[in-house]
């Protein structure tokens, strides 16, 4: 498959959506954290997935994933 658009690419959008849908699965694999919210912004040039977590002490944490597809190499 040749990528015709990178702003954002179909692959970037698909991966961002898959990560968002896997909230419960990812949360269940974490030992000291629980995912309380996932914000998915797929309209940006490089999609961004913001994950808000709470640890066992009740403290909030945040992880941001920026999804970037590098240009195809032929």
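Nothing in this text is a laboratory measurement; each read-out follows from the coordinates by a stated rule. In this text the structure is predicted, and so the values were computed from the model without any measurement. Please note: Cβ atoms are built from the backbone with ideal geometry, for glycine as well, and neighbour counts cover all protein chains shown.
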**Item:** residue 55-residue 3 pseudo-label distance in nm [points 7 Å out on the Cα-to-Cβ vector]
**Value:** 3.5
**Request:** For helix 10-21, report the angle its Cα long axis makes with the longest principal axis of the Cα atoms of the chain; keep it between 0 and 90° and round to the nearest 10°.
**Result:** 20
**Message:** Can you tell me, using C-alpha contacts under 8 Å and at least 6 residues apart, the relative contact order of the chain as a whole percent?
**Reply:** 30
**Fill in**
With bins of 10 Å, the percent of all Cα-Cα pairs of the chain per bin from 0 is 19, 43, 25, 11, 2
